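Enquirer: Right, I'll just put the structure down here and ask away after.
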Amino acid sequence: MSYQFVEEHSSAYKVQWGINEVLYSEKTPYQNLSIVDFVELGRALVLDDAVQTTIQDEFYYHEMIAHVPLFTHPDPRDVLIIGGGDGGTAREVLKHKSVRRVDLVEIDERVIAACKKYLPEISCSFDDPRLNVIIADGVEYIKRPENEYDVVIIDSSDPVGPAIELFSKDFYKDVYHSLRPDGIMVAQTDSPCFNAKFFKEIFFSISAQFSLTKAYLVCVPSYISGFWSFTLGSKKYNPVEDYRKEPVIATRFYTPELHKASFVLPRFIEELL
Ligand code: AG3
């Protein structure tokens, strides 16, 4: 192990990663971007010193952010991904045969370029003809979307820096209006253990728009802080009752049983909502 990277989850909680090699590093107009090869979990995308995804555990997160809403909708055709420049969420969404178009709106084209080069396992779907990449600020794009969507997935970084506006009430309102009358949105909503106040606020910002709002949890080893949350807002379908239970796609993490189970929340989280 040649050197270490210390990732700060808070000023008093830090995680030390052993690094084999820093493969690439750049200051983009939006953030500091690095691709590193960690001793545990392998090659990874790091933005502003926060680990975004690693080749060994990315599928926990990408399968759950994509398949939970896509199997809840009976016939998802048009999907919008906001963020997700590494391509992992798009790869999972495109496994669904019903999907005819995916618009991916990423603010930082350098993220896409670096992931294409160094994380091909994750970024392998950028050549799919159904995928339409738009380099733009998701907050602006959603005010005048090019399409109406069945599912909108907000695959952002942490609620600081370039992603902060992606967690605002106005943004969720625009997301609501970009969806068809039976549409579904899902957003990554941070750690309910370390960021409970934020998690709760976001839940209420989403439920101010959507008649049905539910949080679900996944453990993502590289995010360290125990559970990681996703919050789903739906206009019609209930993700616990109405989802399609016979996936015909290849997954490594998602199962129909886990889909349902991930909505079962520990009491202290249930009581927050
Ligand atoms: N987006 C959520 C990453 C959150 C990580 N936060 C942290 N390590 N503090 C991941 C994007 C993957 N497509």
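Enquirer: Condition first: within 14 Å of the ligand (Cβ to nearest atom), small (Gly, Ala, Ser) and open to solvent by 80 Å² or more (accessible area, probe 1.4 Å). Now tell me which residues in segment 1-43 satisfy that.
Expert: Ser11
Enquirer: Only one residue in Phe204, Phe199 is part of a helix (DSSP H, G or I) and in contact with an Asp or Glu (Cβ under 7 Å, 6 or more places away or on another chain), so which one is that?
Expert: Phe199 is the lone residue from the list that is part of a helix (DSSP H, G or I) and in contact with an Asp or Glu (Cβ under 7 Å, 6 or more places away or on another chain).
Enquirer: Can you pull out the residues in segment 44-80 that are more than 9 Å from the ligand (Cβ to nearest atom) and in a strand (DSSP E or B)?
Expert: Ala44, Thr54, Asp78, Val79, Leu80
Residue-wise test of (1) free of Cβ contacts under 8 Å to residues at least 60 places away in the same chain; (2) among the β-branched types (Val, Ile, Thr).
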| position | (1), (2) |
| --- | --- |
| Met185 | no, no |
| Gln188 | no, no |
| Leu217 | yes, no |
| Tyr223 | no, no |
| Ser229 | yes, no |
| Val264 | yes, yes |
| Glu271 | yes, no |
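Enquirer: While we're here: Counting only residues that are among the polar types (S, T, N, Q) and more than 15 Å from the ligand (Cβ to nearest atom), which one in segment 187-217 is most open to solvent (accessible area, probe 1.4 Å)?
Expert: Here the residue is Ser211.
Enquirer: Sort through Asp155, Asp174, Asp137, Asp127 and tell me the only one that's within 19 Å of Thr231 (Cα to Cα), away from the ligand (no atom under 16 Å from the Cβ) and modelled with pLDDT of 95 or more.
Expert: On the way: Asp155 fails: away from the ligand (no atom under 16 Å from the Cβ); Asp137 fails: within 19 Å of Thr231 (Cα to Cα); Asp127 fails: within 19 Å of Thr231 (Cα to Cα).
Only one candidate passes the filter, namely Asp174.
Enquirer: Considering each residue of segment 93-124, count those that are under 22 Å from Arg43 (Cβ atoms) and without any contact (Cβ under 8 Å) to a residue 40 or more places away in the chain, and give that number.
Expert: Number satisfying all stated conditions: 10.
Enquirer: Give segment 132-167 a look and list any residue that's in contact with a helix residue (DSSP H, G or I) (Cβ under 7 Å, 6 or more places away or on another chain) and among the hydroxyl-bearing types (Ser, Thr, Tyr), or say none.
Expert: Once the filter is applied, which keeps residues that are in contact with a helix residue (DSSP H, G or I) (Cβ under 7 Å, 6 or more places away or on another chain) and among the hydroxyl-bearing types (Ser, Thr, Tyr), segment 132-167 yields Tyr149, Ser156, Ser157.
Enquirer: Turning to a different aspect of this structure: Restricting the search to segment 153-170, which residues are closer than 22 Å to Lys27 by Cα and charged (D, E, K, R)?
Expert: Asp155, Asp158, Glu165
Enquirer: Enumerate the strands (runs of 3 or more DSSP E) found wholly within segment 90-165, keeping only those where 2 or more residues are open to solvent by 50 Å² or more (accessible area, probe 1.4 Å) and of a type in the set (Val, Ile, Thr).
Expert: Working: elements: 101-106, 131-135, 149-155.
Ranges flagged: 131-135.
Enquirer: So, in segment 218-228, of the ones that are open to solvent by less than 30 Å² (accessible area, probe 1.4 Å) and either touching a helix residue (DSSP H, G or I) at 6+ places or on another chain (Cβ under 6 Å) or assigned to a loop (DSSP other than H, G, I, E, B) (or both), which residue ends up farthest from the ligand (Cβ to nearest atom)?
Expert: Filtering segment 218-228 for residues that are open to solvent by less than 30 Å² (accessible area, probe 1.4 Å) and either touching a helix residue (DSSP H, G or I) at 6+ places or on another chain (Cβ under 6 Å) or assigned to a loop (DSSP other than H, G, I, E, B) (or both), the one farthest from the ligand (Cβ to nearest atom) comes out as Val218.
Enquirer: Here's a follow-up. Residue by residue through segment 241-265, note down the ones that are over 24 Å from Ile55 (Cα atoms) and in contact with a strand residue (DSSP E or B) (Cβ under 7 Å, 6 or more places away or on another chain).
Expert: Phe263, Leu265
The values are calculated or read from the model by the stated rules, or taken from the named source; none is laboratory data. None of these values were measured; they are calculated from a predicted model. Cβ coordinates were reconstructed from backbone atoms using ideal geometry, including for glycine residues, and neighbour counts include every protein chain displayed. In case anyone asks, the SASA skips ligands and DNA or RNA and just uses the protein heavy atoms, side chains included. Shrake-Rupley method; radii C 1.70, N 1.55, O 1.52, S 1.80 Å.
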